[in-house]
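Derivation of every value follows stated rules applied to the coordinates shown; laboratory data play no part. Given the structure is predicted, the values throughout are model-derived calculations rather than measurements. For neighbour counting, all protein chains shown are included, and Cβ atoms are generated from backbone atoms with ideal geometry for every residue, glycine included.
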Amino acid sequence: MSRVAWLEQGAAHVWRPYCQHRTAPPPLAVTRAEGCRLTLADGRELVDGTASWWTAAHGYGHPHIRARVGAQLDAMPHVAFGGLAHEAAYSLAARLAALLADASRVAGGEGAGSLSRVFFTESGSVAVEVALKMALQSFHNSGRPRRTVVAFDGAYHGDTFATMSLCDPTDGMHAAFAGSGLRVVHMPLPAPGDHAFEERFATVAGDVACVIVEPLLQCAGGMRVHEGEALRRIRRACDARGALLVFDEIATGFFRSGRRFALEEAQVVPDIVVLGKALTGGTLPLAAAVASEAVFAAFLGPESTKALQHGPTYMANALACAAAHASLDLFEAGDCAARVARLEAVLRERLAPLRSRPRVVDVRVKGAMGVVEMEPGSAPSSDVFASRGAFIRPIRLARADLVYLMPPLVIGGADFDVLAGAIEGGL
Ligand SMILES: Cc1ncc(COP(=O)(O)O)c(C=O)c1O
């Protein structure tokens, strides 16, 4: 790659994410992102196989999102959310509540009712933290404190201290921090014919404030898929013992796992749902924890101590809320479920034959996610895929390497061919 002055100058000062600086090659210098393609400083164009950590659902630089953010910038980029209000956030809260009411109606099945109280944050991890605070404090406020949170083997919920405690304690990327934060009990996801989850749950249930799960598709902790029945069993266990159920739909939401929300396919309505990533179509940082009115009601009363004490400086940033409105417009306008169904079919068609390749352990596809699981340490580096025109960044865990695709949902056939060809060739 040709020399890039700003990259060389900044490299001595930037601490990169998830990076062993001693051995990692330099990052790819991007000068432009448009549609499903990244233009590099050396003139190469790569098809983006990961949609910027699964956010850029509509591709980069969508004119509708740009226009809406531009108009918001003209009016105001940001005002603090404490004591002040702005239209973009208040209308977005109402819109998300209506969307989740419709999703809950579609889900029918088992559930708690209205998901209608929206708390905005600037990152998914913080939204998960807020969901945990909602759950734990709701018990505290009602005078029946519970301290335990149940999470699942293979989970990933973020990088902050409480969310690290939720991640898989042995195989996850935060194993070094296992046991350092919340009181978390990890359990296996309910599996057909196996009652280990119910048995483990019964031993702690009286103290469980909430159970948190990535519904249908666990992402960064392993890209593993489970059935809706597992979630219905979790819902039943929660209901029987008065625990709240939190769905972390930061990755699965907005069609990534197939439907608008995974909760619709699972036919389970949680008490709190967490959204992020594709909410703004990868344009600006925004996430939300959305609680049922019953959870919200536990915070009401004359005492200010019962309030939810949280308020990130940039929460409900007006530009981000405008981007989210535009992103929701695009999700509503396009037939995203059909688009993702087609993507799921081609992911299966192209990735399934790779099962027979050396060091490949498994191939899994769910919605707009396809993964080739390899033996640890055996996945090619991003440079190998970049030399074939694709940006693909394997996840490396203790027990597996994951070469995965989670491209923009709007990806076309030619760009998809580049991604699939890069994996076929790179492996
Ligand atoms: C399911 C899930 N929860 C939480 C997070 C954390 O979100 P953020 O990176 O915005 O903090 C992620 C990010 O990958 C995620 O996939």
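Odds and ends about this structure:
- Hits among aspartates and glutamates - C-alpha to C-alpha of LYS277 under 15 Å, sequence gap 8 or more where chains match: GLU122, ASP159, GLU214, ASP248, GLU249
- Relative contact order (percent, whole number), the chain, Cα cutoff 8 Å, 6+ residue spacing: 21 percent
- For the chain, a Gaussian network of Cα nodes joined below 10 Å ranks ASP417, ASP171, ASP194 by mean-square fluctuation, and the top entry is ASP194.
- Estimated vicinal HN-Hα couplings, Hz - region 215-225 in sequence order (Karplus 6.51, -1.76, 1.60; Gly, Pro = x): x, 6, 9, 7, 9, 4, x, x, 6, 10, 10
- Taking 0.36 nm per residue of separation and subtracting the current Cα-Cα distance, fully stretching the chain between GLN20 and SER356 would add 117.8 nm.
- Choice from LEU96, LEU286, LEU354 showing the highest fluctuation, given a GNM over the chain with Cα pairs closer than 10 Å: LEU354
- If only the Cβ of Lys and Arg carry +1 and only the Cβ of Asp and Glu carry -1, the dipole of region 76-333 around its Cα centre is close to 440 debye.
- Once the Cα-Cα distance is subtracted from the 0.36 nm per residue extended length, the ALA337 to ALA12 segment shows a gain of 112.6 nm.
- Exposure proxy order (Cβ contacts within 10 Å, fewest to most) of VAL14, VAL118: VAL14, VAL118
- Selected from ALA320, ALA11, ALA266 as most flexible by GNM, with the chain as the system and alpha-carbon contacts under 10 Å: ALA11
- Translational diffusion coefficient (Stokes-Einstein; Kirkwood radius from C-alpha pairs) of the chain at 10 °C, 1.306 mPa s, in µm²/s: 71 µm²/s
- Length added when fully stretched, ASP42-ALA191, from 0.36 nm per residue minus Cα-Cα: 48.7 nm
- Region 254-352: relative contact order in percent, alpha carbon pairs under 8 Å with at least 6 residues between: 31 percent
- Distance histogram in 10 Å bins (all Cα pairs of region 41-96, percent per bin): 17, 33, 33, 14, 4
- Within a straight-line Cα-Cα reach of under 16 Å, LYS133 can be paired with the following lysines, leaving aside sequence neighbours fewer than 8 residues apart in one chain: LYS306.
- Karplus-derived HN-Hα couplings along region 337-349 (A = 6.51, B = -1.76, C = 1.60, θ = phi - 60°), whole Hz, x at Gly and Pro: 4, 5, 4, 5, 4, 5, 5, 4, 5, 6, 4, 4, 4
- Neighbour-count ranking [beta-carbon atoms within 10 angstrom, fewest first] of TRP6, TRP54: TRP6, TRP54
- Each of VAL346, VAL403 was scored by other Cβ atoms within 10 Å of its Cβ. Listed from fewest to most, they are VAL346, VAL403.
- J(HN,Hα) series, region 248-255, from Karplus relation 6.51 cos²θ - 1.76 cosθ + 1.60, nearest Hz, glycine and proline x: 8, 9, 4, 8, 7, x, 6, 6
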